[in-house]
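Here's the structure, in structure tokens; my notes come after.
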Protein chains: 2
Amino acid sequence: MNIGIVGLGLIGGSLGLDLLASQQDHNYVWGISRNPETCKQAEAIASVNVASTDIAEIPDRILRQTDIVVICTPIAAILPTIAALAPKFSPNVIFTDVGSVKSAIVEPASKICEQFGQRFVGGHPMAGNASQGISAAKWNLFKNRPCVVTPSADSEAVRDVRSLWQSVGMNVYECSPEEHDRAVAMISHAPVMISASLIAACQQEGDAGVLKLAQNLASSGFCDTSRVGGGNPELGRLMAEYNQPALLRSLQTYQHSLQEVISLVENKQWAELEAWLANTQRDRAFYMD
Amino acid sequence: MNIGIVGLGLIGGSLGLDLLASQQDHNYVWGISRNPETCKQAEAIASVNVASTDIAEIPDRILRQTDIVVICTPIAAILPTIAALAPKFSPNVIFTDVGSVKSAIVEPASKICEQFGQRFVGGHPMAGNASQGISAAKWNLFKNRPCVVTPSADSEAVRDVRSLWQSVGMNVYECSPEEHDRAVAMISHAPVMISASLIAACQQEGDAGVLKLAQNLASSGFCDTSRVGGGNPELGRLMAEYNQPALLRSLQTYQHSLQEVISLVENKQWAELEAWLANTQRDRAFYMD
């Protein structure tokens, strides 16, 4: 396969590494980054065969033979990037993305591609971590991790994008953009706000001595519960901005569950509280590998 | 020092291991457990010099020479255990505990001890993990971990209990039972309810397909945020029962912080949301080691 990767960060860079590491697939990978240093580094670590800041520098015969272009930019850049690149490719090309929201991307991206007789398939490989940039790229980042692919009228295009992610070891799930956005709002976007609210609440403690004590006593439980709330604020904002309806719905559902447990504590319903906690203990297992 | 440990679980068992491992301190450790197998195991791993299910089996001369009795039972058993044991000791003995709440323990425990001319100092070594029982006991469990000790009119007793925990490597903080309870409500007890509410909210998803998808897509972010909510329900209930006022207050403060972020999402105040998340990112560092 001939694959283009636009955006050579953790996801794009790691995808290239795995695609080129697999000798039997005879992949050819070209890459685009805004940063010339990133291009050099991606070539140096064999994440791409060739990379440039300017698509005009990628030879025409390579562009013409490209099977899939994977847009690995931040969410806000996905649609403008597809609009800028699509005219340069033949109708055979498939565009796909790695954005963590799908409703806001899939329909407009598909419309852009249709204008050029091309196909778009939404994707979301869920393999990120706190690291960023080409220097964080690594082999086997995607292994055994889940990936969502959204449906398309062109089943061949969906199959090719599925195969791409399966070839780097992902478990691929196909679902509508709306289903994806509801599911990730619950298990990924809402937890950021829930976790951040814990940090915000602790900082509300008015007694400076108690606040300092709390900071000294905080241990693994607080560390884990607050972890995603201490993440990249820009990423948190983008999740919310591009997945607003589903996130709001999840947070409101959460608010009701929280109110339920507060009532149990307030009314000292200890047996009911223990039963409620036994349920959450049992249910958590459904979300673990 | 001559130390008695009542309750040979993770905390009691590990304390004994470290006390006996330190040759230079010439410690003698005796232990009590309800379970004869636990007593045998504690002796076998050198967590105690001698252990029994019945304090009558610990030789009188050893009891008379005991400097500190550390009550390592579950919270609900602390006061009854002290009441049962105090008559068997001389006025020189100091009782202390390891319970995760202090207001509900320190005053009544001090009153029981006073009847026998003995001293009580509240303690809370924060070194637990998900494991339980003597088989989870290990060396250096307490090293560099925080421990709270509560004040007493008898400064010598406080100094001795501080020394005990410092001798196994803990960072000891002295504060009132009320300050302790407010601090741990925020950083330990409220997170359990906040984390459990996330699991409960996810399970509210009415679309079985989306629920199944969420379970398949859940990864490290969900895993960490939900971890303490998936813990021992009985322990969660006891925290709430014995620290109700402080926990309720923390949860209500949390509810306000959550409402704040929900409003930002609802009103699409993206710049404000990013600034709010930048604050929580910065503030989280105050709670980390």
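Numbers at a glance
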item	result
Members of segment A:114-128 that are over 12 Å from the mean Cα position of the chain (by Cα) and surrounded by fewer than 24 Cβ atoms within 10 Å (Cβ to Cβ)	A:E114, A:Q115, A:F116, A:G117, A:Q118, A:R119
Test: residue in segment A:40-61 that is touching a residue at least 24 places away in the same chain (Cβ under 8 Å), aliphatic (A, V, I, L, M) and closer than 22 Å to A:V192 by Cβ	no
Selection count, segment A:46-66, where residues are open to solvent by less than 60 Å² (accessible area, probe 1.4 Å) and not in a helix (DSSP H, G or I)	9
First in segment B:236-247 and within 7 Å of another protein chain (Cβ to nearest Cβ), second anywhere and part of a loop (DSSP other than H, G, I, E, B) and modelled with pLDDT of 95 or more, Cβ under 7 Å, 6 or more apart	B:Q244/A:K268
Odd one out for B:S131 among (1) open to solvent by 60 Å² or more (accessible area, probe 1.4 Å); (2) in contact (Cβ under 8 Å) with a residue 60 or more places away in the chain	(1)
Output for segment A:267-285, where each listed residue is more than 18 Å from A:S188 (Cα to Cα) and surrounded by fewer than 14 Cβ atoms within 10 Å (Cβ to Cβ)	A:N267, A:K268, A:A271, A:A275, A:R282
Selection from segment B:214-232 of residues that are open to solvent by less than 30 Å² (accessible area, probe 1.4 Å) and among the polar types (S, T, N, Q)	B:Q215, B:T225, B:S226
B:T81 open to solvent by less than 50 Å² (accessible area, probe 1.4 Å), in a helix (DSSP H, G or I) and away from chain A (no Cβ under 14 Å)	yes
Members of segment A:235-247 that are more than 15 Å from A:E179 (Cα to Cα) and either touching an Asp or Glu at 6+ places or on another chain (Cβ under 8 Å) or among the small types (G, A, S) (or both)	A:G236, A:R237, A:A240
Residue satisfying all of: in segment A:248-266; open to solvent by less than 30 Å² (accessible area, probe 1.4 Å) and over 29 Å from B:R282 (Cβ atoms); farthest from the other protein chains (Cβ to nearest Cβ) among these	A:L264
Identity of the residue in segment A:67-77, open to solvent by 10 Å² or more (accessible area, probe 1.4 Å) and either outside any loop (DSSP other than H, G, I, E, B) or aromatic (F, W, Y) (or both), that ends up farthest from A:N27 (Cα to Cα)	A:A76
Which numbered condition A:D154 fails, given (1) open to solvent by 10 Å² or more (accessible area, probe 1.4 Å); (2) more than 15 Å from A:S176 (Cα to Cα)	(2)
Pair list, Cβ under 7 Å, 6 or more apart: segment B:203-225 residue within 21 Å of A:H256 (Cα to Cα) and at the interface with chain A (Cβ under 7 Å from one of its Cβ atoms), other residue outside any helix (DSSP H, G or I) and open to solvent by less than 30 Å² (accessible area, probe 1.4 Å)	B:A214/B:E205
Selection status of B:I58, closer than 23 Å to B:C113 by Cβ and touching a helix residue (DSSP H, G or I) at 6+ places or on another chain (Cβ under 7 Å)	no
Scope segment B:86-112; condition surrounded by fewer than 23 Cβ atoms within 10 Å (Cβ to Cβ) and outside any loop (DSSP other than H, G, I, E, B); matching residues	B:A86, B:P87, B:K88, B:S103, B:A104, B:E107, B:P108, B:S110, B:K111, B:I112
Filter pass, B:L273 being farther than 27 Å from A:E274 by Cβ, free of Cβ contacts under 8 Å to residues at least 60 places away in the same chain, part of a helix (DSSP H, G or I) and more than 7 Å from every other protein chain (Cβ to nearest Cβ)	no
Where B:K138 falls short, out of the listed (1) over 25 Å from A:S226 (Cα atoms); (2) part of a loop (DSSP other than H, G, I, E, B); (3) within 14 Å of another protein chain (Cβ to nearest Cβ)	(3)
Filter result for the condition that a residue is among the hydrophobic types (A, V, I, L, M, F, W, C) and farther than 23 Å from A:W270 by Cβ, over B:V228, B:V210, B:V192	B:V210
Given (1) within 14 Å of chain B (Cβ to nearest Cβ); (2) surrounded by fewer than 20 Cβ atoms within 10 Å (Cβ to Cβ); (3) touching a residue at least 24 places away in the same chain (Cβ under 8 Å), index of the condition A:A185 fails	(2)
Leading residue by the ranking (most open to solvent (accessible area, probe 1.4 Å)) among those in segment A:24-45 that are part of a loop (DSSP other than H, G, I, E, B) and in contact with a helix residue (DSSP H, G or I) (Cβ under 8 Å, 6 or more places away or on another chain)	A:I45
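The values are calculated or read from the model by the stated rules, or taken from the named source; none is laboratory data. Being a predicted model, the structure only gives us computed values, none of them experimental. Positions of Cβ are backbone-derived with ideal geometry, glycine not excepted, and every protein chain shown enters the neighbour counts. For accessibility, only protein heavy atoms count, side chains too; no ligands or nucleic acids. Shrake-Rupley method; radii C 1.70, N 1.55, O 1.52, S 1.80 Å.
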